[in-house]
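Just below is one structure, and these are the notes that go with it.
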Amino acid sequence: KLLDGKINRYTSAIMCSCCDNQISPSTFEAHAGWASRRKPYLHIFAGGVSLHELSISLLKKQKISRSADSDGRCSICEQGGHLLCCDGCPRAFHLECVPLKSEPRCIWYCKYCCHNVYHNERREERNANAQDAVRVAEMAPLEQIAQRAPLTVNDTEAVEGGCPLCREDDFQLKGFGPRTVIICDQCNKEYHVGCLKDHKIADLKKLPKGDWFCGSECLQVRTVLHNLVIRGDVPISDSLLSLIKKKHKEKGLKTNYGLDVKWRIMNWKLLASEEIRALLSKAVSIFHEQFDPIVDADTDIDFIPSMIYGRSIKDQYFGGMYCAVLTVNKEVVSTGVFRMFGREVAELPLVATNAASQGKGYFQALFACIEGLLGELKIERLFLPAAHEAESLWTGKFGFMALDQDETNFYTSLYRVMMFNGAALLQKPVPRPAITEYVAEDPFEACANIWCAEE
């Protein structure tokens, strides 16, 4: 306690005990010798409760809600049930989506409130060159990839390329006509209905119900992915398991009880269940552990669960996103989200491993599984956004190459890949899988049967 005073309930000013003057909270903070903090509502307390908490309680009593959509539904999975309410905002969550083992007995703030309150402090710490240099020097190389800068999404206007047939971005908003836009549910490309007819691709009389695909390749890719989603857990290859055991041995970790390492891909739109929801929620918690929330300023919706659950935010369409998880003895340790734009391009916008499992080879194993799947599907290129501090690791250890600005503009005009402010767009040719014991005439049949090929 540095200084005492009394709050005037009518003016909200503080009567300072040392000079008997009524001053503002910020002046009171400076008067106590902490002008550099500039957070008086966090550091001035009344009855053991900060002014920040008092203001939040007043807002809750006035029933002010910023997001009516979250009422009665979990802000992560958007399902109902027994929910835990945040003491700082109107959001509510399932315990397993946060995740928490039990309900807290005291005041509890969600990840978004913690992000808003402490973001400036964390940003200052990240921008301190000395601290950042120590962190990078002491951290294992693969751990650095997950520890990227705060993520904010680039404006979608900069990456929209319009119809791939006519290259025009105009569209008909009301009714149905030649300039009505329809989106392929696999490659996410936007086509004018009239252009589809002119190029003899499809003669649509109205917008179809359910999924629509722009060609046979997208339909084949979706069919294979659908089968793999239904298939569920698959053991990783022997070579990847050996890699993980080697990492454990190097760290002196005991594996006497065995390692049951599996991976699977999920898509909430294709297969929704309580089991899938629990796995996707764990994936969200890992991303929230490693990254700051990516919250849209207009809708207050977080991009991370929207990407994982395949929802749309404004002009961002995530219906084609798939979530991959790596489990060790049935516990999710690493996760990534990816999307395929036909057979030409795939993207991997987010990948992370929980803090307790880093440096054990899980990150490499999950990436190898995703890359192997893309190779089986004969995807040509893999794109990902990388922060400056992780760029050399992706290029040095995983064979990615940085694109210059002209190349980035070219590809983002053709494909709606996720881009984050301050990140560089990297790409690499997807390697074809090695020959396996199973041989099929149809590559999609081969992929459906062997999707964990040896490296």
*Full extension from GLU407 to CYS114: what is 0.36 nm times the residue separation minus their Cα-Cα distance, to one decimal in nm?*
101.7 nm
*Holding the Cα-Cα limit at 27 Å, pick out from LYS262/LYS397; LYS111/LYS189; LYS174/LYS209 the pairs that are longer than that.*
LYS111/LYS189
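Excluding VAL234 itself, what net charge comes from residues whose Cβ is under 10 Å from its Cβ, given Lys and Arg +1 and Asp and Glu -1?
Working: positive: ARG231, LYS262, ARG264; negative: ASP233.
Net charge around VAL234: +2.
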*Dipole axis of the range 345-432 (+1 Lys, Arg; -1 Asp, Glu on Cβ), positive-most option in GLN358, MET419, GLY396*: GLN358
*Could you work out how far apart the two model spin labels at LEU414 and ILE230 are, taking each label as a point 7 Å from the Cα in the direction of the beta carbon, and quote it in nm?*
3.3 nm
*Could you give me the percent of Cα pairs per 10 Å distance bin for the range 206-355, shortest bin first, beginning at zero and ending with the bin that holds the maximum distance?*
10, 35, 33, 17, 5, 1, 0
*Which value results for Rg/Rh of the range 325-382 when Rg is the Cα radius of gyration and Rh the Kirkwood radius based on the inverse mean 1/r?*
1.02
*What FRET efficiency would be calculated for the residue pair SER273, ASP211, taking the C-beta separation as r and a Förster radius of 22 Å, to the nearest 0.05?*
0.70
*lysines within cross-link reach of LYS1: Cα-Cα under 24 Å, excluding same-chain residues under 8 positions apart?*
LYS39
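Stretch LEU54-LEU3 to full length: gain in nm at 0.36 nm per residue minus the Cα-Cα span?
Values: separation 51, 0.36 × 51 = 18.36 nm, distance 1.93 nm.
Fully extending the segment from LEU54 to LEU3 adds 16.4 nm.
Could you give the length gained by full extension between LEU241 and LEU219, i.e. 0.36 nm per residue of separation minus their alpha carbon distance, to one decimal place?
Numbers: separation 22, 0.36 × 22 = 7.92 nm, distance 3.27 nm.
Gain on stretching LEU241 to LEU219: 4.6 nm.
A short reminder: the numbers here are calculations on the coordinates, not readings from a lab. Given the structure is predicted, the values throughout are model-derived calculations rather than measurements. Backbone-built Cβ (ideal geometry, glycine too); neighbour counts: all protein chains shown.
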